[in-house]
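First the structure, in the form of structure tokens, and then the observations on it.
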Amino acid sequence: MPRPNRRVITVSNRLPIVVTRDEEGNVHVEPGSGGLVTALAPVLRDRGGMWIGWPGITQDEQIPLDDLIGQAIRQSGYELKPVFLTAEEKRLYYQGFSNEIIWPLFHDLQSMCNFRPEYWEAYKRVNRKFAEAIAENVRRDDFIWIHDYHLMGVARELRDMGIQSKMAFFLHIPFPPLDIYLKLPWRFEVLRSLLEYDLVGFQTLRDRRNFVQCVRTLVKEADVYGKGQVVSVKLQNRTLRVGAFPISIDFNEFARLAESEEVAKGAWYIHEHLPERKIVLGVDRLDYTKGIPERLEAFRLVLQRHPELQEKIVLVQVVVPSRREIPQYAQLKEEIERFVGEINGQFTRSGWVPVHYIFRNLNRLELVAYYRTAEIALITPLKDGMNLVAKEYCASKVEEDGVVILSEFAGAAAQFQRGALLVNPHDVVGVAEAIYEAYTMPVSERRQRMRRLRHAIRRYNIFWWVDAFLQAAIARRLDTFPVLLDYIPTEG
Ligand code: GDG
């Protein structure tokens, strides 16, 4: 196990707090509740660590946060250190470099990138700002764990400031293949900064391989050795490790919630209004990587190819508002809504509307009620780091019945291949046929598949993930790893 006295300094773009304003304009701050926060909270509490990040509002909004963050600290039991950004930094570093360059490029969508040099300058400035906040708070023996694509440059800044502490990085999104990575005008700078970490973690073996291929090609002195989940990269004066750590969820929390009376009531209510119909569920942030228009096309196709499913099946598509300041996201929303309108216009009959479209944030109970009640989960991203919705759906299927249709380009595909129906999201006929297969699948097969999935997700949950990462980073032990297979499609 990692040395118990080592504090963990977690750094992410966003602090794990939610800042809201009520009707009277009063500002409230509550601790966040995602899986990562749940898993890291006990680690931070026990070791006296801290979380550094942007609270989500800009300096220009002039909201005094000190007292409110103080309250959030008392509730969470560990330190929270805000890094404040100006409105311009938010626009150039967050919306610009992070979400108009790295996000599309790393999801293989290079034509959607907006490679503006001022975005890069702002990214470096803000990464330095984060590094300064870390440097002010770090002690020599601390372990610094930096998350995600917004902060790839922090290690370089920290080393330039002379910080020698152990540092690790985890990328929540995919790492692209060499040919795509090469398009990045700042490819050497980004790679060089990543190589300053002591451990770089990816979601899947494929991402890890892509990264290693970029290092081998672009960094002449790098020598890569080892095989399996974690390999070593030897540079002139240091060696770092690079590994695959598939992130997960707090399985028990979802299962417990799914068993609660409130969720059972919610699930009953949803089905009561859709009697005799199977529910196909899609849940996604509004994002062009999630493949929502392609999925709607597949749903339209299954209704055409198998008309006996009409009036027997509904698609509930939840889209959670996200990044709406970026024009491509606003366009995507319009495209989805036009498409939903077309399908409903074409197929609706008295008493049956084929697509139920929800554009808002559901609360946890509502979300789990949908998971629990839907017979089929339709999760078809064009590319996704992992996809936690797939894991949450399985954890919530406490009756061990339900079929997952999952994109082979989601990081989760490797772990799901023996339980889910894996599809190529671009093959809309294939996805339509998978919906038909899920609809007609015998109950014994559904249960067998769902049990397998639940077993794996229960075992390799978020607590396992945090532990595996910390062990690889601090204790340099690797023995908790399962065999992580790639998914390779086979013919026929
Ligand atoms: C990035 C990577 C990787 C969704 N709708 C509602 C809601 N959600 C929650 C889900 C889930 C989360 O949002 C979505 O997580 P995903 O993993 O599916 O996708 P990204 O947001 O793109 O996350 C991804 C992940 O990081 C972790 O490493 O898996 O590949 O892209 O937890 O529950 N939550 C609530 N209401 C909703 O309506 N409360």
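The values are calculated or read from the model by the stated rules, or taken from the named source; none is laboratory data. Owing to the predicted nature of the structure, the values given are computational and were not obtained by experimental measurement. Every residue, glycine as well, gets a Cβ built from its backbone with ideal geometry; the counts of neighbours run over all protein chains shown.
The table that follows gives values for the structure above.
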| quantity | calculated |
| --- | --- |
| Count of region 193-221 residues which are of a type outside the set (Asp, Glu) and either surrounded by fewer than 15 Cβ atoms within 10 Å (Cβ to Cβ) or part of a loop (DSSP other than H, G, I, E, B) (or both) | 8 |
| Test for Val37: is it surrounded by 18 or more Cβ atoms within 10 Å (Cβ to Cβ), more than 29 Å from Ala122 (Cβ to Cβ) and either outside the structural domain of Val126 (by TED's automatic domain parsing) or not hydroxyl-bearing (Ser, Thr, Tyr) (or both) | no |
| Test: residue in region 149-165 that is assigned to a loop (DSSP other than H, G, I, E, B) and at positive phi | yes |
| Any pair with Cβ under 6 angstrom, 6 or more apart, that starts in region 444-459 at a residue that is modelled with pLDDT of 95 or more and ends at one that is basic (Lys, Arg) | Met450/Lys397; Arg452/Arg418; Ile457/Lys391 |
| Number of the exception - Glu334 against (1) part of a strand (DSSP E or B); (2) surrounded by fewer than 22 Cβ atoms within 10 Å (Cβ to Cβ) | (1) |
| Filtered residues of region 316-338 (kept if within 16 Å of the ligand (Cβ to nearest atom), touching a helix residue (DSSP H, G or I) at 6+ places or on another chain (Cβ under 8 Å) and touching a residue at least 40 places away in the same chain (Cβ under 8 Å)) | Val316, Gln317, Val318, Val319, Arg323, Ile326, Gln328, Tyr329, Leu332, Ile336 |
| Residue ranges of strands (runs of 3 or more DSSP E) in region 345-446 with at least 1 members under 23 Å from Arg305 (Cβ atoms) and either near the ligand (Cβ under 9 Å from one of its atoms) or not aliphatic (A, V, I, L, M) (or both) | 355-359, 376-379, 403-407 |
| Positions within region 222-264 being modelled with pLDDT of 95 or more, assigned to a loop (DSSP other than H, G, I, E, B), away from the ligand (no atom under 16 Å from the Cβ) and out of contact with any Asp or Glu (no Cβ under 8 Å at 6 or more places or on another chain), in sequence order | Ala222 |
| Filtered residue count, region 80-130, keeping only those that are touching a residue at least 40 places away in the same chain (Cβ under 8 Å), charged (D, E, K, R) and not in a helix (DSSP H, G or I) | 2 |
